[in-house]
Amino acid sequence: MAANATSWANPLMREHFHVPENYFLSHSVGCQPKCVQDRLNADYFGAWQAQGGNAWPGWMQAIDQFRGAMGRVLGVSDDLICPQTNVSSGLTKTLYSLPDTGKRKTILLSEGDFPSIGFALKQAEKAGYHLRFLPGDISDLQAWADAMDDSVALVHITHALSNTSQLAPVKQICDLARERGVISIIDIAQSVGALPIDLDDWAPDFAIGTGVKFLCFGPGACFLYASAQMVEVCEPIDVGWFSHENPFEMDIHDFRFASTAMRFFGGTASPAPFILANAALELWQEIGMAQAQERVQTLLSKLLEQVPDEILVSPRNQSQRGAALVIDSPQRDTFGEALNAAGMLFDERREGFRFSVHGYTSEAEIEALAEVLNGGT
């Protein structure tokens, strides 16, 4: 059955994915599209078996296809997209490519950022930077304005926090950073696929993200966006033959940075994750991502009807939340046992229990979770 907008609006669109029952963990790993295995066999294993080392042109074509499709998802040119194997690597490549920031040596970030972000940024202290954590709510623009003084070189902004599902006002923060001469980088790992993203409108200097979650790519298909201005002035230290203007030139004495964001690519990466991603992206194109995002918020609103304010961690307001419900029950052990007994697939962080909703989530699953929320919170 071909996927289309109608099948997405109907819970039966779930048939296009391998979805465990009561799956509320898409914020961790999105469910596998059923179409990806055949694509991997054809475009990766098939090319390898038939052509051996001569498979590289076809594999590179798949990587270029990924760049084009991700550019359309993010609202930017494919020349500004570079595939990455993980978000941390993309962030590190960015850090060690920046032009001289002079006396500006502060990196502004939030304690709500994913820990891997902090680990990577901490290493910049070796290059003379120091970290400043935002003293306030990430949704409060004034808190960002107060912290972004003339010592700040780089601001890292997480669009949707993984542990609270709060949204930062990324466009306004990027505008503020631009006015103050601060380089901006957005982490959209927890929002891409679940929320509308328009990098052309937001105009950050960089953005990093992954398709392992709501885009359902599987691990290993991540991306780095660099604005045209940053591509022009940044020269990464972590380079390889795919960072070259002509990777197949093969002259060890002549390295020239690619004129596109591919200068951030580095050495040999596996094409397999990007082939999987291409199949998933084609499915999204047929299904309609906007319909998926609308369904996510509709189902979240239904769940929130069962949650009182005193235990709600994630925002109730749709304009302020990502794709996850986070609650902090006063009887954590008892509530966790009730969830497990009901067969719910979820996870727990210091902030609370996390339940993410996806377009393939059924209404029956929402009702089953709502029943547990009603009885156990």
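Structural remarks
- Flagged links, alpha-carbon separation over 25 Å, of LYS93/LYS213; LYS171/LYS302; LYS126/LYS213; LYS171/LYS213; LYS213/LYS302: LYS171/LYS302; LYS126/LYS213
- Gain upon complete extension [SER301, ASP175; 0.36 nm per residue less C-alpha separation]: 42.3 nm
- The packing ranking, built from the mean of other Cβ atoms within 10 Å per residue, places the peptides 192-202, 217-227 in the order 217-227, 192-202, highest first.
- Candidates LEU224, PHE214, PRO196 compared by Cα position along the dipole of the chain: farthest toward the positive end lies LEU224, with charges placed on Cβ.
- Antiparallel bridges, percent of DSSP beta bridges restricted to the chain (to nearest 5): 55
- Take the Cα of ASN317, step 7 Å toward its Cβ, do the same at ALA42, and the gap between the two points is 4.7 nm.
- Exposure proxy ranking for MET148, MET262, based on other Cβ atoms within 10 angstrom of each Cβ and starting from the fewest, stands as MET148, MET262.
- Evaluated at q = 0.06, 0.10, 0.14 Å⁻¹: base-10 log I(q)/I(0), Debye formula over Cα of the chain: -0.24, -0.66, -1.21
- Taking other C-beta atoms within 10 Å as the exposure proxy, HIS253, HIS27 rank HIS253, HIS27 from fewest upward.
- HN-Hα J in Hz across segment 317-323 - Karplus 6.51, -1.76, 1.60, θ = phi - 60°, x for Gly and Pro: 6, 4, 6, 10, 10, x, 10
- For segment 226-301, the C-alpha radius of gyration divided by 2.2 N^0.38 Å, with N the number of residues, is 1.61.
- The alpha carbons of segment 168-271 give a radius of gyration and a Dmax of 15.6, 46 Å, in that order.
- Neighbour-count order for TRP48, TRP59, fewest beta carbons within 10 angstrom listed first: TRP48, TRP59
- Whole-angstrom gap from segment 308-325 to segment 33-97, using each part's C-alpha centre: 35
- Neighbour-limited loop hits for trypsin sites (Lys or Arg not before Pro), segment 151-239 (at most 15 other Cβ within 10 Å; DSSP other than H, G, I, E, B): ARG180
- Gain in span if fully extended, ASP251 to ALA50, counting 0.36 nm per residue against the direct Cα distance: 69.5 nm
- Taking every full run of DSSP H in the chain, the ones that stretch at least 15 Å from end to end by Cα along their long axis and average 0.0 or higher on the Kyte-Doolittle scale are 272-287, 289-304, 363-376.
Values quoted throughout were computed directly from the atomic coordinates according to the rules given, and no laboratory measurement underlies them. Only a predicted model underlies this, so the values are computations on that prediction, with no experimental measurement involved. All Cβ positions, glycine included, derive from the backbone under ideal geometry; neighbour counts span all protein chains shown.
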